[in-house]
Amino acid sequence: MMEGSVAAPVDRPIAAEELGRVVEEVLAATPVIDIHTHLFAPEFGGFGLWGIDELLTYHYLEAELFRFSPIPPEQYFALDKTRQADLIWKTLFVENTPVSEAARGVVAVLSALGLDPRARTLSPIREFFQAQSLPAYLPRVLDLAGVSAVVMTNDPLDETETEWWNRGIQPDPRFHAALRLDRILNDWSAHCGRLAAKGYAVEADAGGSTLAEVRRFVTDWAVRMKPVYLAVSLPDTFRFPAADVRTKLLAGAILPACRDLKVPISLMIGVRRQVNPALRLAGDAAGKADLLALETLCREFPENRFLVSVLSRENQHELCVYARKFANLMPFGCWWFLNNPSIVEEITRERLEMLGASFIPQHSDARILEQVIYKWRNTRRTIGPLLAQSYRLLAQDGRAVTRDDVCRDVTRLFRANFERFTEG
């Protein structure tokens, strides 16, 4: 060592009583990649949702409203958004204590922004949001959430959205595209005509040149959007292989396109759509899926990579087992109805025990910009103690943990696993 130089600090083992604090510090300092949202970059104009009226009329809170209020859905949906938000605020936040996860999330957002969550009316809160300029407000929200990048959900068959893409916009570099395939894979008969009208020679039974043309359509839009993955939300009744059009399209067009584009496909499995249509977006539910379909896909298509989230609590252990068998499978997130601390804790502990740090623990699924604040706050608060306890057990078994270990694990879980898995 040269004279006058200072020895590098040794990364010493962390004492058991300090593990919780260290993990909390590292989580707070590590910006996350939010790998699945329904947010939009500012370049999409008013297509993205933000502000108090959007927060309050989110379908999670609408479902709660109908449990506390006698108002029938048809009467509620006939109101304009301002009156809907006023009703939800009065019912869930003034007349009742907002203890549910979704309601408490709104309280957390307001508090983080310096607003009064006990306000009797929304007037002062609306004044704050009306005074915001999105270009200046967006970085503040992402900073409060500790998020460095988000992945959008982009549908090439949504005419309103595609108008923006057709203008040649270049989204904010913090926002990455994900090319959504739901209309193609889940409702082909209703949408194949849309592709035909755009010049693609497709047929309702997926015959003729349909598979090549769907592959061309997806590739054309991938060139335009530059997605980090392709994605589809699938019902609990999903089977593969099956004697249906979805199997033909998935095996003959979508998976080959993914291989050519060198991107994964995200499968979100277990949705039961519109069990109560009167509730609109709030009317969907969850069902246990048969994951033999996933086993077949991972085995028969080893060159493809599958990002997978399952909506049923009952499917979680099976997903972990398959992840131990197939390196081309990446479990991610606690999705939708699972995004509650008690269930996130259970699922994440199981994944840590079975997979180490080789999964992606969470995504926000945010539809309204400010939701990233409370969803990532809750994620850190729930997962931090789980990591700390895992490290305590490891130390008790003879292998002490250092801050470098913690930094490496947190970076992998919240950033690097996704980056590695989506690299072409």
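Observations
- Highest-first arrangement of 175-181, 212-218, 161-167, where packing means the average Cβ count within 10 Å: 175-181, 212-218, 161-167
- Converting the Cα gyration tensor eigenvalues of the stretch 65-142 into ellipsoid dimensions via √(5λ) gives semi-axes, longest first, of 24, 15, 11 Å.
- Residues whose amide H falls under 5 Å from that of residue 362, counting only those 5 or more places apart or on a different chain, are 333, with hydrogens built in the peptide plane.
- Hydrodynamic radius (Kirkwood) for the chain, which is based on Cα pairs only, to one decimal in Å: 23.2
- Computed over the Cα atoms of the stretch 376-424, pair by distinct pair, the Kirkwood hydrodynamic radius stands at 12.1 angstrom.
- When the chain is treated as a GNM with alpha-carbon contacts under 10 Å, the residue of 310, 275, 228 showing the greatest mean-square fluctuation is 275.
- Prolate/oblate/rounded call for the stretch 222-355, Cα gyration tensor, a/c under 1.5 rounded: oblate
- Here the Karplus curve 6.51 cos²θ - 1.76 cosθ + 1.60, taken at θ = phi - 60°, turns the phi angles of the stretch 126-143 into couplings of 5, 4, 4, 5, 5, 7, 7, 9, 3, x, 8, 6, 4, x, 5, 5, 4, 5 Hz, with x standing for Gly and Pro.
- Least to most buried among 244, 405 (fewest other Cβ within 10 Å first): 244, 405
- Farthest positive-ward along the stretch 191-234 dipole, Cα basis, beta-carbon charges - from 212, 199, 228: 228
- Phi to ³J(HN,Hα) by Karplus 6.51 cos²θ - 1.76 cosθ + 1.60 over the stretch 255-268, Hz, x for Gly, Pro: 5, x, 5, 4, 5, 5, 7, 6, 10, x, 10, 9, 10, 10
- Of 185, 26, 60, farthest towards positive along the dipole that unit charges on Lys, Arg, Asp, Glu beta carbons give the chain: 185
- FRET efficiency for residue 300 and residue 134, using Cβ-Cβ distance with R0 set to 51 Å, rounded to 0.05: 0.65
- Charge tally in the Cβ shell below 11 Å around residue 94, where Lys, Arg are +1 and Asp, Glu are -1, residue 94 excluded: +1
- Listed peptides 188-200, 129-141 appear in the order 188-200, 129-141 once ranked by packing, highest mean of other Cβ atoms within 10 Å at the front.
- Between the residues 301, 173, 338, the greatest Cα displacement towards the positive end of the dipole of the chain, with unit charges on the Cβ of Lys, Arg, Asp and Glu, is found for 301.
- Taking Cα centre as origin and charging only the Cβ of basic (Lys, Arg, +1) and acidic (Asp, Glu, -1) residues, the dipole magnitude of the stretch 342-424 rounds to 240 debye.
- Order of 209, 100 under a 10 Å beta carbon neighbour criterion, fewest first: 209, 100
- Only Lys, Arg (+1) and Asp, Glu (-1) charged, at Cβ; the stretch 278-424 dipole about Cα centre in debye: 440
- Exposure proxy ranking, count of Cβ atoms within 10 Å, fewest first, for 358, 390, 123: 123, 358, 390
- Globularity index of the stretch 99-223 is 1.51 (Cα radius of gyration / 2.2 N^0.38 Å, N = number of residues).
- Residue 149 long-range amide H proximity, modeled H, under 5 Å: 34
- A crude spin-label estimate for the pair residue 78 and residue 97, with each label 7 Å from Cα along the Cβ direction, gives 3.6 nm.
- Amide H contacts of residue 177 (H built 1.01 Å from N, in plane; Pro and chain starts excluded): 152, 228 sit under 5 Å, all sequence-distant by 5 or more or on other chains.
- Separation between Cα centres of the stretch 373-424 and the stretch 8-75, rounded to whole Å: 18
- Under Stokes-Einstein, with the Kirkwood radius over Cα pairs as Rh, the value for the stretch 16-169 at 10 °C and 1.306 mPa s is 89 µm²/s.
- Relative frequency of Cα-Cα separations exceeding 14 Å in the stretch 79-122, percent: 48
- Residue-wise HN-Hα couplings along the stretch 275-282, as the Karplus relation 6.51 cos²θ - 1.76 cosθ + 1.60 with θ = phi - 60° gives them from phi, are 5, 9, x, 4, 8, 6, 4, 7 Hz; Gly and Pro carry x.
- The alpha carbons of the stretch 1-105 occupy a box of 80, 39, 20 Å along the principal axes, longest dimension given first.
- Highest mean packing first, where packing is the average number of other Cβ atoms within 10 Å per residue, the peptides 391-400, 407-416 line up as 407-416, 391-400.
- Each Lys and Arg contributes +1 and each Asp and Glu -1, all at the Cβ; summed about the Cα centre of the chain, the dipole is approximately 200 debye.
Read the figures in this text as sums done on the coordinates, not as results from a lab. None of the values given here were measured: they were computed from a predicted structure. For neighbour counting, all protein chains shown are included, and Cβ atoms are generated from backbone atoms with ideal geometry for every residue, glycine included.
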